[in-house]
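These notes concern the structure reproduced below.
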Amino acid sequence: MSKILILNGPNLNLLGTREPEIYGSDTLADVENICAETAKKYNIDIDCRQSNHEGTLIDWIQEAINTVDAVIINAAAYTHTSIAIHDALKMLNCPIIEVHFSDPASREEFRHHSYITPLAQKVIKGHGSQGYVQAIEFLAKELS
Ligand code: DQA
């Protein structure tokens, strides 16, 4: 059974109430439930984690080295700032899928650069919670 680590970064714990006009009305629990339903369909084991702390995300990425088959990551604002998360992801030798609820490229200039994109096999943005479903479906094909 393939195992996927799904990481969500800062402020995504407040999904549903945080700027719903941008991020949608699903809560993080809703997103995790949608992911669990999709993963079950493809017989994939998922581990969903969220942290507001850069170091915690890095610890989890390091734990993923040689222990998971793929990582789906929405590093939220750290996408645009964190060389440390980039460096941690670089140590993985499994597919990385970058997901965003919104499309950062169509928002403020400071969201246009991603430190994750150069390492990502696929970037899914602007599809809200469905982006996570698309990421799992893509990996289901890729890992089979
Ligand atoms: C986000 C986009 C980022 O620019 C922002 O900082 C977030 C969420 C998204 O999912 O659309 O927190 O990653």
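The values are calculated or read from the model by the stated rules, or taken from the named source; none is laboratory data. Just so you know, these numbers come straight off a predicted model, no measurement behind them. No Cβ is skipped: glycine too gets one built from the backbone with ideal geometry, and neighbour counts run over all protein chains shown. We work out accessible area using only protein heavy atoms, side chains counted, and drop any ligands, DNA or RNA first. Shrake-Rupley method; radii C 1.70, N 1.55, O 1.52, S 1.80 Å.
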Checklist outcome for this item: Per the list (1) in contact (Cβ under 8 Å) with a residue 40 or more places away in the chain; (2) of a type in the set (Ser, Thr, Tyr); (3) crowded, with 17+ Cβ neighbours inside 10 Å, residue check on Ser82 breaks on (1)
Item to check | Pairs with Cβ under 6 Å, 6+ apart, first in segment 50-75 and in contact (Cβ under 8 Å) with a residue 60 or more places away in the chain, second open to solvent by 40 Å² or more (accessible area, probe 1.4 Å) and not aliphatic (A, V, I, L, M) | outcome: Val68/Lys3; Asp69/Lys3
Item to check | Filtered residues of segment 66-110 (kept if away from the ligand (no atom under 15 Å from the Cβ), under 16 Å from the mean Cα position of the chain (by Cα) and assigned to a loop (DSSP other than H, G, I, E, B)) | outcome: Val68, Asp69, Leu92, Cys94, Pro95
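Identify the residue in segment 1-58 that is of a type in the set (S, T, N, Q) and more than 22 Å from His86 (Cβ to Cβ) and, among all such residues, is least open to solvent (accessible area, probe 1.4 Å).
In the first step, residues of segment 1-58 are kept if they are of a type in the set (S, T, N, Q); the result is 2, 8, 11, 13, 17, 25, 27, 33, 38, 43, 50-52, 56.
In the following step, the residues that additionally are more than 22 Å from His86 (Cβ to Cβ) were identified as 2, 13, 17, 25, 27, 33, 38, 43.
On the way: Ser2: 30, Asn13: 68, Thr17: 110, Ser25: 93, Thr27: 54, Asn33: 91, Thr38: 9, Asn43: 97 Å².
The residue in question is Thr38.
Could you count how many residues in segment 86-125 are under 20 Å from Arg18 (Cα atoms) and among the hydrophobic types (A, V, I, L, M, F, W, C)?
Going through segment 86-125, the residues under 20 Å from Arg18 (Cα atoms) turn out to be 99-108, 110-111, 125.
Subsequent filtering for residues that are among the hydrophobic types (A, V, I, L, M, F, W, C) retains 99, 101, 105, 110.
Summing the residues that are under 20 Å from Arg18 (Cα atoms) and among the hydrophobic types (A, V, I, L, M, F, W, C) in segment 86-125 gives 4.
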Checklist outcome for this item: With the first residue restricted to segment 121-142 and required to be β-branched (Val, Ile, Thr), and the second required to be within 16 Å of the ligand (Cβ to nearest atom) and part of a strand (DSSP E or B), Cβ contacts under 7 Å at 6 or more apart or on different chains are Val123/Glu98; Ile124/Ile97; Ile124/Val99
